[in-house]
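Enquirer: Sharing a structure below in structure tokens format, with a few things to ask.
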């Protein structure tokens with residue numbers, strides 16, 4: 001039987017690559033729904049090509065034989081789905097993820113905000129409803145593949161490419177242009193996550209995600225810089241054995257793993273992996289003077305509650321301001337730290353409280369640009 005799947009965020013980087021995977025494995029999948037944002041022209045093209053039952057878009061689109069939905073909840077509540085790929089960017093992914101979990105639908109998760117904002121709530125609901133959450137991020141997907149018996153694992157090791165400024169000075173980072181920041185040496189991603197990779201905030205957010213996905217204390221989650229992006233992450237067992245997942249830097253592989261789990265198929269492969277062609281693998285500790293965002297994320301994670309919501313919202317708004325030319329790259333960290341320092345923590349928030357904290361932090365940050373940085 002074909003697996004029935006919906007994609008929330010089908011017009012983004014992960015969503016479009018997921019459709020490439022599904023096209024290669026078209027006998028394995030039936031697409032129930034596609035949901036996009038403002039790129040309605042691309043969404044229409046996708047709907048015409050893949051013929052889902054339903055589409056959801058910010059603006060109405062018309063495709064013969066395809067029904068237009070009025071909300072993402074209609075996708076998340078549809079029990080026709082075996083799995084929903086949540087690949088949209090931002091807090092918009094949280095509510096439909098929770099709604100799908102409540103309806104017993106498995107999640108392939110490529111939305112960082114879902115666990116960074118509300119990881120305790122999401123993982124508790126998933127356990128209560130017997131729902132699998134399969135990570136799409138290459139790092140968490142790698143860890144998921146390495147673990148056989150999680151009770152025997154002592155440490156998670158998350159790798160980071162180091163981004164475009166790995167071998168640059170702090171001064172170079174402080175004066176970096178948007179163009180320089182968006183030149184990632186290994187991965188082709190959206191602008192926001194590429195900036196996060198340059199500051200290493202993406203790794204900070206991934207630490208928080210890993211804590212929730214796998215239930216590890218923050219002190220047992222380590223980050224190591226690995227410029228080649230061949231080792232996607234690793235785990236250390238209690239006996240000292242280290243198991244790593246390796247492969248060429250291609251998001252098709254973790255996407256396919258997540259949506260076909262527990263099965264594996266040939267699917268899309270750029271080419272077979274060759275150890276001799278790779279030749280060398282380098283590893284080093286992160287430079288926390290240059291990349292202080294990592295320690296900031298550890299701090300927020302250990303605080304718990306709404307602290308992670310706070311840094312996520314502050315960082316995102318600061319990234320947008322940087323992309324708009326309103327602030328310097330290094331001010332992203334300074335602004336995020338300021339918001340966390342001033343944050344009034346709610347230890348066990350409700351979903352409504354999480355969204356309210358998110359709103360308040362974003363409002364404060366955007367107000368700072370108008371008063372301080374304009």
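Enquirer: Hey, any hits in the stretch 76-85 for a residue that's out of contact with any strand residue (DSSP E or B) (no Cβ under 7 Å at 6 or more places or on another chain), modelled with pLDDT under 95 and at negative phi? Before the answer, list the steps.
Expert: Our first condition is that a residue be out of contact with any strand residue (DSSP E or B) (no Cβ under 7 Å at 6 or more places or on another chain); within the stretch 76-85, this holds for 77, 79.
With the extra rule that they be modelled with pLDDT under 95, the set shrinks to none.
No; the residues of the stretch 76-85 include none that is out of contact with any strand residue (DSSP E or B) (no Cβ under 7 Å at 6 or more places or on another chain), modelled with pLDDT under 95 and at negative phi.
Enquirer: Consider residue 145 against the criteria (1) under 21 Å from residue 291 (Cβ atoms); (2) modelled with pLDDT of 95 or more: it satisfies all of them except one. Which criterion is unmet?
Expert: (1)
Enquirer: Show me the helices (runs of 4 or more DSSP H) found entirely inside the stretch 265-374 where at least 3 residues are touching a helix residue (DSSP H, G or I) at 6+ places or on another chain (Cβ under 8 Å) and surrounded by 12 or more Cβ atoms within 10 Å (Cβ to Cβ). Before the answer, list the steps.
Expert: On the way: elements: 275-278, 293-303, 307-323, 331-342, 351-368.
In the stretch 265-374, the matching helices (runs of 4 or more DSSP H) lie at 293-303, 307-323, 331-342, 351-368.
The values are calculated or read from the model by the stated rules, or taken from the named source; none is laboratory data. Since this is a predicted model, take the numbers as computed values, not measurements. Neighbour counts are summed over all protein chains in view; Cβ atoms, including those assigned to glycine, are modelled from backbone coordinates with ideal geometry.
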